[in-house]
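J.: One structure, as structure tokens, below. Some questions next.
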Amino acid sequence: MSALRACTPLLLLLPLSAAAQVVERTDKQAHDQLPSRWSAGLAVVHRDSEYAGEGTRTRLLPNIAYDGDRFYLRGAAFGYRAYNDDRFEVRAFVAGRLDGIDADDFGRAELAQRGVDRNLLEDRDDSVDVGAGASWKGAAGKLDLDARVDVTGTSDGYSIALDYSYPLTLGRTTLVPSIGAMRLSADMADYYYGTLDEEIARGVIAYRPGAATVPRASLTLIHPFAKRWALLGNLEYRALPDALQDSPLVEAGKDRSTSLFIGISRGF
């Protein structure tokens, strides 16, 4: 069997904001380069959070991935391809949204700089999304459209993302630069970046950012070696719009967040 198709952490175990979607999108890019159904290995995920005082976190995790003709597992997403050919794909999926943060993970001093008492905050919970996506690829590159809605009632919101990528081959190594944006609905942005009604009732400043668009860019590296092995890496940068930068939950002066994923896996 040829080298593995994907190198995907089981991010259902990882409480790092947005990391699950980073790896899910990385797996989409690797899908075209490394055909194999199952893979297993290890991965390191490092994230620099925008939340006040949360700082950076690094986790070592097991990898597991599956990519069949119809069904697939990508990070915290399990999906079904309703249509798939050499140029076009339509899919439906269920995915974990791991953007939650415990109130205790905020920095007390950093929140105080924004005029917030950490003791008055509630946790922001993870949720589960149901979504649909489509991909188109050709000589000019690849377009990915992704729409997903929270079905757990956590935020009652949705997000829509559009990304463009173009693979570059350097010997056995493939580099995939990507650029795009994600649109958060008002409900979703208000839940993860605003203050909640119960917090406002306790005296926390009222803040509702409303719908927000988050531009992002990434670079994925895919390098197969030793027949069944592959190295997969992804570096993603997200620029925070003013409405999110102004949130009292975001660290003062923070205008971006970054994620780094490095994994090694063996295909089966």
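J.: Mind telling me which of the residues Leu42, Leu60, Leu98, Leu120 ends up being touching an Asp or Glu at 6+ places or on another chain (Cβ under 9 Å) and open to solvent by 20 Å² or more (accessible area, probe 1.4 Å)?
T.: Working: Leu42 fails: touching an Asp or Glu at 6+ places or on another chain (Cβ under 9 Å); Leu60 fails: touching an Asp or Glu at 6+ places or on another chain (Cβ under 9 Å); Leu98 fails: open to solvent by 20 Å² or more (accessible area, probe 1.4 Å).
Going through Leu42, Leu60, Leu98, Leu120 in turn, just one is touching an Asp or Glu at 6+ places or on another chain (Cβ under 9 Å) and open to solvent by 20 Å² or more (accessible area, probe 1.4 Å): Leu120.
J.: Looking at segment 194-236, which of its residues are hydroxyl-bearing (Ser, Thr, Tyr), in a strand (DSSP E or B) and closer than 17 Å to Asp99 by Cβ?
T.: Thr213
J.: Do we find that Leu244 is part of a strand (DSSP E or B) and either open to solvent by 30 Å² or more (accessible area, probe 1.4 Å) or touching a residue at least 40 places away in the same chain (Cβ under 8 Å) (or both) in this structure? Before you say what the answer is, go through the steps one by one.
T.: Working: part of a strand (DSSP E or B): no; either open to solvent by 30 Å² or more (accessible area, probe 1.4 Å) or touching a residue at least 40 places away in the same chain (Cβ under 8 Å) (or both): yes.
So Leu244 fails the test.
J.: If you check Val151 against the conditions, is it aliphatic (A, V, I, L, M) and under 15 Å from the mean Cα position of the chain (by Cα)?
T.: Details: aliphatic (A, V, I, L, M): yes; under 15 Å from the mean Cα position of the chain (by Cα): no.
Judged against the criteria, Val151 is not a match.
J.: Still on this model: Filter segment 215-237 for residues that are open to solvent by 70 Å² or more (accessible area, probe 1.4 Å) and within 15 Å of Ile179 (Cα to Cα) and give the result.
T.: First pass over segment 215-237, keeping only residues open to solvent by 70 Å² or more (accessible area, probe 1.4 Å): 219, 227-229, 235, 237.
Hits for segment 215-237 are Leu219, Leu235, Tyr237.
J.: Moving on to the next point. Return yes when Lys137 is open to solvent by 30 Å² or more (accessible area, probe 1.4 Å), over 20 Å from Ser247 (Cα atoms) and of a type in the set (Lys, Arg) and no when it is not. Give the steps one after another, and end with the answer.
T.: On the way: open to solvent by 30 Å² or more (accessible area, probe 1.4 Å): yes; over 20 Å from Ser247 (Cα atoms): yes; of a type in the set (Lys, Arg): yes.
It is true that Lys137 is open to solvent by 30 Å² or more (accessible area, probe 1.4 Å), over 20 Å from Ser247 (Cα atoms) and of a type in the set (Lys, Arg).
J.: As an exercise: evaluate Leu260 against (1) at pLDDT below 95; (2) of a type outside the set (S, T, N, Q); (3) over 20 Å from Asp67 (Cβ atoms); (4) assigned to a loop (DSSP other than H, G, I, E, B) and give the number of the one condition it does not meet.
T.: (4)
J.: Looking for something buried (at least 20 other Cβ atoms within 10 Å of the Cβ), under 15 Å from the mean Cα position of the chain (by Cα) and at pLDDT below 95 - is there at least one such residue anywhere in segment 77-88?
T.: Checked against the condition, which is being buried (at least 20 other Cβ atoms within 10 Å of the Cβ), under 15 Å from the mean Cα position of the chain (by Cα) and at pLDDT below 95, segment 77-88 yields at least one hit.
J.: For segment 168-202, give me each residue that is over 23 Å from the mean Cα position of the chain (by Cα), open to solvent by less than 60 Å² (accessible area, probe 1.4 Å) and not hydrophobic (A, V, I, L, M, F, W, C). Show your work before the answer.
T.: Filtering segment 168-202 down to residues over 23 Å from the mean Cα position of the chain (by Cα) leaves 169-173, 196-202.
Still in the list and also open to solvent by less than 60 Å² (accessible area, probe 1.4 Å): 173, 196, 199-200.
The answer is Thr173, Glu199.
The values are calculated or read from the model by the stated rules, or taken from the named source; none is laboratory data. Predicted, not measured: the structure shown is a model, and the values here were computed from it. Cβ: placed from backbone, ideal geometry, glycine included. Neighbour counts: every protein chain shown. Heavy atoms of the whole protein, side chains included, go into the accessibility calculation; ligands, DNA and RNA do not. Shrake-Rupley method; radii C 1.70, N 1.55, O 1.52, S 1.80 Å.
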